[in-house]
Amino acid sequence: MYKDITIAKVQDFEGDKIRIKGWLYNKRSSGKIQFLQVRDGSGFIQGVMMKKHVSEEVFELCKTISQESSIEVLGTLQKDDRSTLGFEIFVDEVKVIHLADDDYPISLKEHGTDFLMENRHLWMRTPKQNAILRIRDEVNFTIREFFRKEGFILTEPPIITPASCEGTTDLFEIDYFGEKVYLSQTGQLYAEATAMAFNKVYTFGPTFRAEKSKTRKHMNEFWMVEPEMAFADFEDNMKVQENFVEYVIQKVIKTMKRELQVLERDTGALERVKAPFPRITYTDAIEMLQKAGYEINWGDDFGAPHETYIAEQYDKPVFITHFPAEMKAFYMQPDPKDPKVILGSDLIAPEGYGEIIGGSERIHDKELLLEKMKQEGLPTEVYQWYVDLRKYGSVPHSGFGLGLERTVSWICGIDHIRQSIPFARTLNRVYP
Ligand code: 4AD
Ligand code: MG
């Protein structure tokens with residue numbers, strides 16, 4: 001009897017008669033032997049078929065199986081130190097479930113990224129893309145694990161919102177039975193409401209920004225995890241961020257060793273990601289950049305080269321704090337010592353991966369909030385519920401948002417964010 005197993009679990013079945021259900025990834029033959037590369041979604045394994053060991057019929061059939069046909073492979077699992085997996089199948093029999101058309105677009109040669117993105121639904125079957133998306137799954141799970149362990153409650157915000165939540169530009173507008181509404185840019189404002197009900201909460205969902213940016217760090221649909229904490233100030237907020245980022249990175253580099261190897265990721269820099277993280281104020285960062293010869297003035301936003309330069313001065317992620325209030329969102333608490341700047345921070349990842357977290361203490365005083373909203377020209381009616389939070393038991397509170405895809409890109413060491421999500425939505429692409 002053959003045991004049904006997955007490739008991920010082969011080490012438990014050495015010497016056993018096994019069956020794997022999967023797809024033919026690649027094959028080559030040398031007359032009396034055929035080598036089958038089989039993938040089953042959990043991994044890749046080589047099957048060795050000897051002409052003298054199988055029936056003539058099976059050997060001939062095998063020659064005709066096209067790339068990506070779905071198959072069952074039956075045989076003995078044996079140790080093989082030459083393969084990265086450490087095992088191969090000595091094949092007794094192969095059964096075809098579906099013979100793939102023989103025009104499979106992703107042949108095993110080099111293709112341009114545009115072509116691969118056009119065939120994203122198939123591209124994700126290849127080892128590297130598969131490894132990236134497995135790591136994404138692990139990051140996803142580890143994020144939830146951290147917040148559960150720390151006593152945070154997951155509260156989902158709506159995706160359709162009557163008002164802008166983060167900025168008044170970059171909104172995807174939709175028609176809601178004749179009313180103009182928007183796809184949410186952030187779950188934060190709703191997390192502030194649920195934090196006043198549950199104290200420590202987080203949201204984790206897709207967010208949408210109609211930014212016309214065509215960089216390797218921007219997408220128009222991305223996932224963000226947004227914790228929000230009552231009775232927490234700016235300092236408390238940064239402590240949670242550094243512990244959180246350390247936890248996710250340290251766990252994932254341990255549990256995803258094999259996938260990181262497939263990606264040829266040198267994890268040395270990731271191993272150093274341990275709290276506490278260095279901090280620099282925006283004002284000091286501007287001065288540092290000016291000294292290094294960059295043309296940048298107080299009040300300017302950082303571009304990618306500035307972020308990269310700042311990150312290169314440290315061997316861990318770095319917090320940039322106290323940004324000019326004018327640059328940042330209306331809800332950020334001004335620093336009482338210098339109200340021109342806010343009690344907020346961005347966390348910049350090493351190796352040029354840029355901002356992975358934005359966070360701040362929130363304005364908890366009703367009058368100050370109303371004044372800020374007025375300055376920004378925000379309509380008070382649709383934000384009334386948000387103002388209510390400052391009317392009924394308002395407390396200092398803080399939170400932050402971490403972009404899932406930027407984090408996955410950094411961990412994987414990949415050069416473009418579009419590979420970090422199954423189906424990317426970017427300026428030029430909504431297919432497949
Ligand atoms: O800095 P952002 O805009 O912050 C917020 O939305 C806050 N409401 C978060 C909060 O305090 N609850 O975005 C947070 C993070 C960024 O640091 C980045 O990692 C990611 O979201 N992000 C993007 N990722 C991919 N594509 C884009 N266009 C992104 N914009 C932001
Ligand atoms: Mg930001």
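The values are calculated or read from the model by the stated rules, or taken from the named source; none is laboratory data. Computed from a predicted model, the values in this text were never measured in an experiment. As a convention, Cβ positions derive from the backbone with ideal geometry for all residues, glycine included, and neighbour counts pool all protein chains shown.
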Quick check on F400: is it of a type in the set (F, W, Y), over 26 Å from the mean Cα position of the chain (by Cα), crowded, with 18+ Cβ neighbours inside 10 Å and within 16 Å of ligand 2 (Cβ to nearest atom)? no
Please state which one of E246, E242 is under 16 Å from D346 (Cβ atoms) and more than 16 Å from ligand 2 (Cβ to nearest atom). E242
Residue under question is Q67, and the condition is that it be closer than 22 Å to G15 by Cβ, of a type in the set (S, T, N, Q) and under 32 Å from the mean Cα position of the chain (by Cα); does it hold? no
Quick one: in the range 299-340, which of the residues that are under 21 Å from L189 (Cα atoms) and of a type in the set (A, V, I, L, M) is surrounded by the most Cβ atoms within 10 Å (Cβ to Cβ)? M332
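Looking at R418, R362, can you tell me which residue is within 12 Å of ligand 1 (Cβ to nearest atom), among the basic types (K, R), over 29 Å from M117 (Cβ atoms) and modelled with pLDDT of 95 or more?
Result: R362 is the single residue among R418, R362 that is within 12 Å of ligand 1 (Cβ to nearest atom), among the basic types (K, R), over 29 Å from M117 (Cβ atoms) and modelled with pLDDT of 95 or more.
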Select from the range 335-389 the residues that are part of a strand (DSSP E or B) and without any contact (Cβ under 8 Å) to a residue 24 or more places away in the chain and write down the one among them that is nearest to ligand 2 (Cβ to nearest atom). I342
From the list E246, E242, E235, exactly one residue is free of Cβ contacts under 8 Å to residues at least 12 places away in the same chain and more than 9 Å from ligand 1 (Cβ to nearest atom). Which is it? E235
Regarding the range 126-138, can at least one residue be identified that is buried (at least 16 other Cβ atoms within 10 Å of the Cβ) and more than 30 Å from R429 (Cα to Cα)? no
Count, please, the residues in the range 212-221 that happen to be within 16 Å of ligand 2 (Cβ to nearest atom) and at pLDDT 95 or above. 4
Extreme residue, farthest from ligand 1 (Cβ to nearest atom), among residues of the range 332-359 that are more than 29 Å from R216 (Cβ to Cβ) and touching a strand residue (DSSP E or B) at 6+ places or on another chain (Cβ under 9 Å): K340
Mind checking which pairs have a first residue in the range 269-288 that is aromatic (F, W, Y) and a second that is in a loop (DSSP other than H, G, I, E, B), Cβ under 7 Å, 6 or more apart or different chains? F277/K316; F277/P317; Y282/H322; Y282/F323
What is the one condition in (1) at pLDDT 95 or above; (2) of a type outside the set (A, V, I, L, M, F, W, C); (3) within 16 Å of ligand 2 (Cβ to nearest atom) that E192 does not satisfy? (3)
The conditions are (1) more than 16 Å from ligand 2 (Cβ to nearest atom); (2) in contact with a helix residue (DSSP H, G or I) (Cβ under 7 Å, 6 or more places away or on another chain), and F330 fails exactly one of them. Which is it? (1)
For H98, work out the one condition from (1) surrounded by 13 or more Cβ atoms within 10 Å (Cβ to Cβ); (2) closer than 25 Å to Q129 by Cα; (3) at pLDDT 95 or above it doesn't fulfil. (1)
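Please tell me if I296 is assigned to a helix (DSSP H, G or I), of a type outside the set (D, E) and surrounded by 14 or more Cβ atoms within 10 Å (Cβ to Cβ).
no
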